[in-house]
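Participant: Structure provided below as structure tokens; questions to follow.
The values are calculated or read from the model by the stated rules, or taken from the named source; none is laboratory data. Because the structure is predicted, anything quoted here is derived from the model rather than measured. With ideal geometry, Cβ positions are generated from the backbone for all residues, glycine too; neighbour counts draw on all protein chains shown.
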Protein chains: 2
Amino acid sequence: MTEHCQAALKYARQHKTDFLDGLKQLVAIPSISTNPENKADMLRAAEWVATRLEALGIEKVAVMPTAGHPVVYGEWLGAPGKPTMLVYGHYDVQPPDPLELWQTAPFEPSEVGENLFGRGASDMKGQVMASLSALESVMQTGNLPINVKFLIEGEEEIGSPSLGAWIAENKDLLKSDFCLNPDAGMLGKEYPTITYGLRGLVYFELRVSGPDHDLHSGMAGGVVHNPAQALAELIAAMHNVDGRVTLPGFYDSVRALGAEERAAFARLPETEADYLAMTGVPALWGEPEYIPAERTGARPTLEINGMISGFTGKGQKTVLPAWAMAKISCRLVPDQNPEAVYEQLKRFLTEKAPQTIRWELEKLSGAPASISDLNQPAVKALESALETVWGVRPFFRREGGSIPVVGQMQTILGIESVLTGFGLPDDNLHAPNEKVHLPTWYRGIEALIHFIFNL
Amino acid sequence: MTEHCQAALKYARQHKTDFLDGLKQLVAIPSISTNPENKADMLRAAEWVATRLEALGIEKVAVMPTAGHPVVYGEWLGAPGKPTMLVYGHYDVQPPDPLELWQTAPFEPSEVGENLFGRGASDMKGQVMASLSALESVMQTGNLPINVKFLIEGEEEIGSPSLGAWIAENKDLLKSDFCLNPDAGMLGKEYPTITYGLRGLVYFELRVSGPDHDLHSGMAGGVVHNPAQALAELIAAMHNVDGRVTLPGFYDSVRALGAEERAAFARLPETEADYLAMTGVPALWGEPEYIPAERTGARPTLEINGMISGFTGKGQKTVLPAWAMAKISCRLVPDQNPEAVYEQLKRFLTEKAPQTIRWELEKLSGAPASISDLNQPAVKALESALETVWGVRPFFRREGGSIPVVGQMQTILGIESVLTGFGLPDDNLHAPNEKVHLPTWYRGIEALIHFIFNL
């Protein structure tokens, strides 16, 4: 280990409180990208990140406009001949609802035991701040041994609709050797993890209507196909009894899992009991011929993210509702195409929807799945860094979540992403009581310091 | 026609504006029985009715407590040896939501053309005020030729949960020869109607859960049975392809329609085109072996009144929701029993619900169907009164709606109800833009005057 590396690690250990204060400041900004009311907060979060980059000594820092929320850019290119790392992050978060289930206020970051609670504490303001804290430790104790660029976006939680175009427009600016993307989590706090596959995502809103106004269920019940019932019938038909999706052609382009990959999946530490404990369900569900890690990591799914119709308040109202709506999204695996899945869902609805109702389908976003090259030097550097800090060989896995930018980095910039992160399975991502485990977070900062010196 | 009857009719024609002003005052009170926030408004509406009864010269007027919202009682027994009519009504209304679809404020009664718009204008503040206006016309122009009692309740729109016990406690007070219940509507403005059958109602809330918190659809999608999907699967299984309800034993006690009754249904003026126009649906639905009037009047149904799960706001949230809820109600026909249907739904859920989810079912209210005796003198008196005003023989029909009190009058007080009313099929009951057609309403007042003198 070089002296500079040792000095950087020492700096990190001495500045834990400063790093945590920074994270708290960022988590306190309600940067909910899907909510138009938080537009000013989005800008405030972007500017907070920009100010922090400038304080590190990063150059050409700018909050750059896109068709949607802005991207924060910055660079430091003082190590000619050395590799250039593009650090990816997002400063936006998911909505905090249902608010009543939070034990602390989602935008008032709160330390409870070893955890910091707050929306975005783990996904991914915590990971952005781990990257910045590692770089600060290295830059405050000597010259950064590599070149670095930053792309911190504000639309990840809504499917990054503007990012592809922005990357394409700024292709030269973003030229790099690889991307560090710490938006993927760990399998457990003693299981450092490198993610090499991510599922894609395509998100829909389906609206079923029939009557032109709400009807009295006594007057019209029996002659009108209730839109809530019709929507339920369509949703029920989207899976067969084995949990397979029934959209026509849905599995046609799904890449089969090879024997080697299935063996790697079988070696993962998670058991069925872990999944039961993590979710609280009475029994697991899904395609019986795949183990849980395969079902969440390497198989496509169709989920109902939300559903509403008629009267849902306290008490009773004997209405026959005029319409019903569902939010539906599919997680995609290689080599499924989001646009093709949109066509499959439209075909399913055309074939299955009865003449007694009307339907409308809107595609809100779409991004394909991605698989990264495990033999790139940056992956090897990270593998060694994680092993140094945790004392165990990292696990390689394919994750169920979707990070559209990984595919965009490959297709537009031609670079691979190194996917890691220091969030845990019980961090309550996208749910009430999101938190980050601070001892793991500090280990993550040290691992990123080693990683920088390993490159 | 007696001189008194002629004088009463003249009085009614001269006081149209006064009657309408009274109706507007009552509609302006937001007496939403299901909403705890409107408790004070409920009392205000009851007191308004009581004050109006006192002004008519009705005696022993009282706002009497029940386990829920109070009942307004009053009597005038100055015609010994003559029949006693119990006038039924309810001063409560349905919630006005969805508010954004109203073209006028629901509790600011507004005259537009020949209609008065406002929640309750037709169901049934308009009908209560038609009864009071007819009695006022008769009592202001001479001695009432019959005895009269009033029972104006405040819980009809939530299934009259407290009324049965209250009637049983006040059996002697309520002793009467028959009940006038104007809470049933007309088939069209030129079709005066006497309703002789009503469907019963049993109302449920079904909650399906699985995970103990909202999950990330990328992390858990594929291993967790999505509660929104599971609820949709259960709802979809509650009907077969012919629109028949699949709860075990649901049709076992349904009284078959006789040939005579089916002939009467076939004579009703409504066509399939009328149902299409009234509802706005692209095509009708339901049991193919019955005509629409039979399906809504004489066949039981199961309706989804509301449904909610997960994220339903604008944009997208990739949540796998922890729970899903549906409001479900069944319209019942003779001789179905609400409690038995509750057991059938529980058995259905026990048999069909998979081990991957949990469910809870709550029964919110229940009342059986009823059929009235068409040969009672009060029905003959009303038949003749309606024919005098409209110039056509009234139509006799079984209605799809539910009025629990009709069954309670039969079983507890041993009296029959005469069911009529002056609401029209396009009055938007329980829906936005409820209205009453004023020329029809004035004709209704005159018909009730004739009715009183025919008794």
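Participant: Mind listing whichever residues of the range B:279-289 are more than 8 Å from every other protein chain (Cβ to nearest Cβ) and in contact (Cβ under 8 Å) with a residue 12 or more places away in the chain? Full working, then the answer.
Facilitator: Filtering the range B:279-289 down to residues more than 8 Å from every other protein chain (Cβ to nearest Cβ) leaves B:288-289.
B:288 - this is the single residue of the range B:279-289 that is more than 8 Å from every other protein chain (Cβ to nearest Cβ) and in contact (Cβ under 8 Å) with a residue 12 or more places away in the chain.
Participant: Does at least one position in the range A:357-365 carry a residue that is within 14 Å of chain B (Cβ to nearest Cβ), farther than 30 Å from residue B:362 by Cβ, surrounded by 24 or more Cβ atoms within 10 Å (Cβ to Cβ) and not β-branched (Val, Ile, Thr)?
Facilitator: Within the range A:357-365 (the criterion being within 14 Å of chain B (Cβ to nearest Cβ), farther than 30 Å from residue B:362 by Cβ, surrounded by 24 or more Cβ atoms within 10 Å (Cβ to Cβ) and not β-branched (Val, Ile, Thr)), the answer is no, since none of the residues qualifies.
Participant: Tell me which residues, restricted to the range B:290-309, are more than 7 Å from chain A (Cβ to nearest Cβ) and free of Cβ contacts under 8 Å to residues at least 40 places away in the same chain.
Facilitator: B:290, B:291, B:294, listed by residue number.
Participant: So which of A:194, A:158 is away from every other protein chain (no Cβ under 14 Å) and under 30 Å from residue B:217 (Cβ atoms)?
Facilitator: Matching residue, one of A:194, A:158: A:194.
Participant: For the range B:204-227, what are the residues that are under 30 Å from the mean Cα position of the chain (by Cα) and either assigned to a loop (DSSP other than H, G, I, E, B) or of a type outside the set (A, V, I, L, M) (or both)?
Facilitator: Across the range B:204-227, the qualifying residues are B:204, B:205, B:207.
Matching residues to (1) small (Gly, Ala, Ser); (2) on the phi < 0 side of the Ramachandran plot:
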position: B:18; (1), (2): no, yes
position: B:39; (1), (2): no, yes
position: B:42; (1), (2): no, yes
position: B:48; (1), (2): no, yes
position: B:57; (1), (2): yes, no
position: B:62; (1), (2): yes, yes
position: B:67; (1), (2): yes, yes
position: B:76; (1), (2): no, yes
position: B:80; (1), (2): no, yes
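Participant: Still on this model: Being more than 7 Å from chain A (Cβ to nearest Cβ), under 19 Å from the mean Cα position of the chain (by Cα) and either surrounded by fewer than 24 Cβ atoms within 10 Å (Cβ to Cβ) or closer than 26 Å to residue B:286 by Cβ (or both) is the requirement here; does residue B:344 meet it?
Facilitator: The answer is no for residue B:344.
Participant: When you check residue B:238 against the structure, is it at pLDDT 95 or above, in the same structural domain as residue B:332 (by TED's automatic domain parsing) and of a type in the set (A, V, I, L, M), yes or no?
Facilitator: The answer is yes for residue B:238.
Participant: Within the range B:9-21, track down each residue that is under 18 Å from residue B:131 (Cβ atoms) and either out of contact with any Asp or Glu (no Cβ under 9 Å at 6 or more places or on another chain) or not small (Gly, Ala, Ser) (or both).
Facilitator: Applying the first criterion (under 18 Å from residue B:131 (Cβ atoms)) to the range B:9-21 yields B:9, B:11-13, B:15-16, B:18-21.
B:9, B:11, B:13, B:15, B:16, B:18, B:19, B:20, B:21 - these are the residues of the range B:9-21 that are under 18 Å from residue B:131 (Cβ atoms) and either out of contact with any Asp or Glu (no Cβ under 9 Å at 6 or more places or on another chain) or not small (Gly, Ala, Ser) (or both).
Participant: Condition check: within 14 Å of chain B (Cβ to nearest Cβ), part of a helix (DSSP H, G or I) and touching a Phe, Trp or Tyr at 6+ places or on another chain (Cβ under 9 Å). Does residue A:230 satisfy that?
Facilitator: yes
Participant: Additional query: Hey, can you tell me all the residues within the range A:269-278 that are facing another protein chain (nearest Cβ under 9 Å) and among the hydrophobic types (A, V, I, L, M, F, W, C)?
Facilitator: A:278
Participant: Looking at residue B:190, is it in contact with a strand residue (DSSP E or B) (Cβ under 7 Å, 6 or more places away or on another chain), touching a residue at least 40 places away in the same chain (Cβ under 8 Å) and not hydrophobic (A, V, I, L, M, F, W, C)?
Facilitator: When the stated conditions are applied, residue B:190 does not pass them.
Participant: If residue A:347 satisfies all but one of (1) touching a residue at least 40 places away in the same chain (Cβ under 8 Å); (2) out of contact with any Asp or Glu (no Cβ under 9 Å at 6 or more places or on another chain); (3) under 20 Å from residue A:221 (Cα atoms), what's the number of the condition it fails?
Facilitator: (3)
Participant: Shifting gears a bit: Is it true that residue A:312 is touching a residue at least 60 places away in the same chain (Cβ under 8 Å) and over 24 Å from the mean Cα position of the chain (by Cα)? Give the steps one after another, and end with the answer.
Facilitator: Details: touching a residue at least 60 places away in the same chain (Cβ under 8 Å): no; over 24 Å from the mean Cα position of the chain (by Cα): yes.
No; evaluated as a whole, the condition is false for this residue.
Participant: Could you grab me the full set of residues in the range B:136-184 that are acidic (Asp, Glu), touching a strand residue (DSSP E or B) at 6+ places or on another chain (Cβ under 9 Å) and part of a loop (DSSP other than H, G, I, E, B)?
Facilitator: Scanning the range B:136-184 gives B:155, B:177, B:183.
Participant: Is it the case that residue A:422 is aromatic (Phe, Trp, Tyr), in contact (Cβ under 8 Å) with a residue 60 or more places away in the chain and not in a helix (DSSP H, G or I)?
Facilitator: Here the answer is yes, as residue A:422 does meet what is asked.
Participant: Let me ask something else about it. If residue B:441 satisfies every condition in (1) within 12 Å of chain A (Cβ to nearest Cβ); (2) out of contact with any Ser or Thr (no Cβ under 7 Å at 6 or more places or on another chain); (3) crowded, with 22+ Cβ neighbours inside 10 Å but one, which is the exception?
Facilitator: (1)
Participant: Do we find that residue B:201 is under 25 Å from the mean Cα position of the chain (by Cα), away from chain A (no Cβ under 11 Å) and either surrounded by fewer than 24 Cβ atoms within 10 Å (Cβ to Cβ) or modelled with pLDDT of 90 or more (or both) in this structure? It would help to see each step written out before you state the result.
Facilitator: On the way: under 25 Å from the mean Cα position of the chain (by Cα): yes; away from chain A (no Cβ under 11 Å): no; either surrounded by fewer than 24 Cβ atoms within 10 Å (Cβ to Cβ) or modelled with pLDDT of 90 or more (or both): yes.
So residue B:201 fails the test.
Participant: Any idea how many residues of the range A:397-415 are in contact (Cβ under 8 Å) with a residue 24 or more places away in the chain and of a type in the set (Ser, Thr, Tyr)?
Facilitator: 1
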